[in-house]
1. Which residues, taken from the range 239-257, are near the ligand (Cβ under 7 Å from one of its atoms) and outside any helix (DSSP H, G or I)?
2. Would you mind stating whether S145 is touching a helix residue (DSSP H, G or I) at 6+ places or on another chain (Cβ under 9 Å) and away from the ligand (no atom under 13 Å from the Cβ)?
3. If I ask for residues that are over 21 Å from the mean Cα position of the chain (by Cα) and either crowded, with 22+ Cβ neighbours inside 10 Å or touching a residue at least 40 places away in the same chain (Cβ under 8 Å) (or both), which ones from the range 209-222 would you list?
4. Can we say M84 is assigned to a strand (DSSP E or B), within 12 Å of the ligand (Cβ to nearest atom) and in contact with an Asp or Glu (Cβ under 9 Å, 6 or more places away or on another chain)?
5. Being on the phi > 0 side of the Ramachandran plot and either under 14 Å from the mean Cα position of the chain (by Cα) or not in a loop (DSSP other than H, G, I, E, B) (or both) is the filter here; which residues of the range 63-81 pass it?
6. Which residue is nearest to G69 (Cα to Cα), if the candidates are limited to the range 148-161 and must be acidic (D, E), within 16 Å of the ligand (Cβ to nearest atom) and out of contact with any helix residue (DSSP H, G or I) (no Cβ under 8 Å at 6 or more places or on another chain)?
7. Please list, ordered by first then second residue, the pairs with beta carbon atoms under 6 Å, 6 or more apart or interchain, first in the range 65-82 and over 14 Å from I136 (Cα atoms) and touching a residue at least 12 places away in the same chain (Cβ under 8 Å), second of a type in the set (A, V, I, L, M) and in a helix (DSSP H, G or I).
Amino acid sequence: MEGISLLLVDLIHRPDEVSSTLPGVARKRIRIESGASGGEKHNSHNMEDAVGVLDGKVAIVTGAGKGIGQAEAVALAKEGASVMICDYADYSETLGKLEEISGADKAAGMNCDVRKTAEVKAVVTEAVKRFGTVDILVNNAQKLSMPHDFEDWTEEEMREQWESGPLGTWLFMQNCLPYMKESGGRIINTSSSAGYAGYPGYSCYGAAKEAIRSITRSAAKEWGKYNITVNSISPAALTSGAAGAMDEEAKTQLVAAFALGRWGDPDNDIARVVVFLAGPDSSFMTGNTVCVDGGLAMLV
Ligand SMILES: NC(=O)c1ccc[n+]([C@@H]2O[C@H](COP(=O)([O-])OP(=O)(O)OC[C@H]3O[C@@H](n4cnc5c(N)ncnc54)[C@H](O)[C@@H]3O)[C@@H](O)[C@H]2O)c1
C-alpha cells in the first residue's frame with residue numbers, strides 16, 4: 001500500500017510518460033495528466049492512442065446516453081468499430097461524439113427501453129440493417145437508485161432493477177446470438193461489487209447485478225463453441241448516475257476504500273478495459289467478472 005501511494009505521489013509530481021500495460025496500446029506510451037476524477041492524475045488516452053483494434057467490427061452499447069455507456073461507445077468508435085447506441089433517455093450527445101469520431105455512416109442511435117422486447121429487437125435489427133451484423137454487445141443499461149434499507153425497497157423498484165438489468169441484458173444477448181453464431185462475438189455485461197460484496201442498502205440492485213454475473217457465466221459455457229466470449233465488468237466511476245444514487249457521506253467514505261485512493265474515470269479507466277474485452281487480446285477470457293474498480297472490492 002505504501003508502495004502504491006509513493007508511486008501515485010511520484011506520478012502526480014512528475015507528470016512524465018510511462019509505459020502502458022493496457023491491452024490495445026501495448027508498447028505505446030501514455031501520458032499521466034490531470035483527469036476528471038476529483039482532480040487526480042491518471043492515464044489519459046487520446047485519439048493517437050487508438051490503434052484500430054476494432055476496425056470492421058460492429059458494436060451495440062446499451063444505456064449509452066451518458067456515463068460509462070457513453071465512454072464505452074466512444075472508446076469502441078475510436079478503435080474503429082461501427083457503433084449503434086441506445087438509451088431510453090436522450091442519447092444525442094453521445095451520437096454527436098460518435099459522428100465526430102467516425103462519421104455518420106459508422107454511428108447510429110435509437111431510443112430503447114431495454115425492458116421492452118420489441119424495442120430490443122428493433123435495435124438489433126437496425127444495427128444489422130445499417131452495419132451488416134453484430135460482433136460486440138455491451139450491456140451497460142441499468143436503473144441506478146439511492147440505496148435504502150431492505151424493508152423500504154418497493155416491489156415496483158425491485159421489478160425495475162431486475163428488468164433494466166438482467167432482463168434487458170438477457171434480451172439483448174438472445175437477440176444478438178444468431179449473428180454472433182456466424183463468426184464469433186464479444187459480450188460485455190455490467191455487474192457491480194454492490195452485489196458480490198453485499199453493500200448495505202443495495203439489496204435489490206445488488207441482486208440484479210449478481211443475476212447478470214450468473215447469466216454471463218451460463219452463456220460463456222454455452223456459447224464458447226461459437227467462439228463467443230462473455231464477460232462482465234464491475235466498474236466504479238463517479239458518473240452523474242452514481243453520484244445521484246449516493247449521499248455525500250457515502251461518496252467520501254468510498255474514496256477512502258479505493259486502494260488507488262480515487263474514483264475511476266469512465267473514459268480513461270473503464271472504457272479501455274471494455275476495448276480489451278471487445279478485441280482480440282482477450283480471446284481466451286470468458287465467464288469472468290473483471291473488476292475495474294481501483295481495488296475497491298477485490299473479488300476473489
Ligand atoms: N458508476 C459506478 O460506480 C458503477 C458501479 C457499479 C456498476 N455500475 C454499472 O455501470 C453501468 C453504468 O453506470 P453509470 O454510472 O454510467 O450510470 P448512469 O445512470 O450514469 O447511466 C446509465 C444509463 O443507462 C440508461 N438506462 C437506465 N435504464 C434504462 C433502460 N431501462 N433502458 C435503456 N436505458 C436505460 C440511463 O438512461 C443512462 O443513460 C450500470 O449498469 C451500473 O449499474 C456503475
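1. Scanning the range 239-257 gives a single hit, T239.
2. Against the criterion (touching a helix residue (DSSP H, G or I) at 6+ places or on another chain (Cβ under 9 Å) and away from the ligand (no atom under 13 Å from the Cβ)), S145 does not qualify.
3. Correct list: K221 only.
4. It is false that M84 is assigned to a strand (DSSP E or B), within 12 Å of the ligand (Cβ to nearest atom) and in contact with an Asp or Glu (Cβ under 9 Å, 6 or more places away or on another chain).
5. Of everything in the range 63-81, those that are on the phi > 0 side of the Ramachandran plot and either under 14 Å from the mean Cα position of the chain (by Cα) or not in a loop (DSSP other than H, G, I, E, B) (or both) turn out to be G63, G67.
6. Across the range 148-161, the extreme among qualifying residues is E160.
7. Sorted first by the residue in the range 65-82, then by its partner, the pairs are I68/I270; A71/A271; K78/I101.
Values quoted throughout were computed directly from the atomic coordinates according to the rules given, and no laboratory measurement underlies them. Bear in mind that the values here come from a model prediction, so they are computed numbers and not experimental data. When we count neighbours, we look across all protein chains shown, and the Cβ atoms used for this are built from the backbone with ideal geometry, even at glycine.
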